[in-house]
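Here, each number is a calculation from the coordinates, and none is a lab measurement. Not measured: the values here are computed from a predicted model. Methodologically, a virtual Cβ is constructed for each residue, glycine included, from the backbone with ideal geometry; neighbour enumeration extends over all protein chains shown.
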Amino acid sequence: MSTTTDRRTSVTVRVPAKVNVRLAVGGARPDGYHDLANVFLAVSLYDEVTAVESPGGVRVTCSGPDAHQVPLDRTNLAARAAEALAARHGIAPDVHLHIAKDIPVAGGMAGGSADGAAALLACDTLWGLSTPREELLSLCADLGSDVPFSLLGGAALGTGRGEHLTALPVGGDFHWVFAVADGGLSTPAVYAEFDRLTAGALAALVSGSGPTTAFLVEDPAAAAQVAAALLASGTCRTARIATSPAQGAVVVSGTA
């Protein structure tokens, strides 16, 4: 059991979305997972998770775009992260977690995983636990395959089921436009409309299992042009501009 010192009453952690720029899937393993080779990039779309001391166990609230789609019970990865950390240290998970949501929900950009990583870091700081980084990453891996990268950020190769990470060097910034749909998104239709309107992307891909389509562009001016064209085309409900790589989960505020 850890001795808690330097406890705070409120901690806010910012955490980025991610895009998969390469995914190779191997055969099924005995545990039901597939071996993967997955190249992750963290991008500058962020959720913020605020942890506040609160008796009576874990409570989750959420605000922001699509907040009504976020589960507020124990299926939420942020709640599971708080409970797992508390159990590891033998303390009560007395915390209110508020998620300020800006990462598209169910958009293939690991928003739920990001919230799990953010909650883990926020609670560790709130409770003054000083859990070693490798132990936090192990807890992340128990929560889900994408959660460790949300804590790490930057650019990384994920192997195993995606949880074993090797940081990758990146030679500069990448500029992105993310076309987000309600429900399913017809990738060929979006690409065709995009080509008709702009032909200004360097590459395009589907992020995760979708329905977000990611367009790599040359610079901020091209990003603005592509985003405007996609919105005007009616093929998506919103178009978000971002850069990568982005820093992983980080404490941005805390009060004693």
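For the chain, the longest principal axis of the C-alpha atoms and the axis of helix 77-89 are separated by about 30°. Exposure proxy for 120, 230: other Cβ atoms within 10 Å of each Cβ, ordered fewest to most, give 230, 120. Exposure proxy ranking for 127, 176, based on other Cβ atoms within 10 angstrom of each Cβ and starting from the fewest, stands as 176, 127. Each label was represented as a point 7 Å from its Cα along the Cα-to-Cβ direction; for residue 87 and residue 231 these points are 4.4 nm apart. The base-10 log of I(q)/I(0) for segment 213-254, evaluated at q = 0.28 Å⁻¹, reads -1.00 [Debye formula, identical scatterers on Cα atoms, solvent excluded]. Judged by the ratio a/c of the largest to the smallest principal axis of the C-alpha gyration tensor, segment 48-157 counts as oblate, that ratio being 1.5 or greater while a/b is no larger than b/c.
Relative to the longest principal axis of the Cα atoms of the chain, helix 111-126 runs at roughly 30 degrees. As a proxy for reagent exposure, ranking 62, 123 by other Cβ atoms within 10 Å from fewest up yields 62, 123. Taken over the chain, the ratio of Cα radius of gyration to 2.2 N^0.38 Å equals 1.03. Against the chain, whose longest principal axis is taken from its Cα atoms, helix 220-233 shows a tilt of about 80°.
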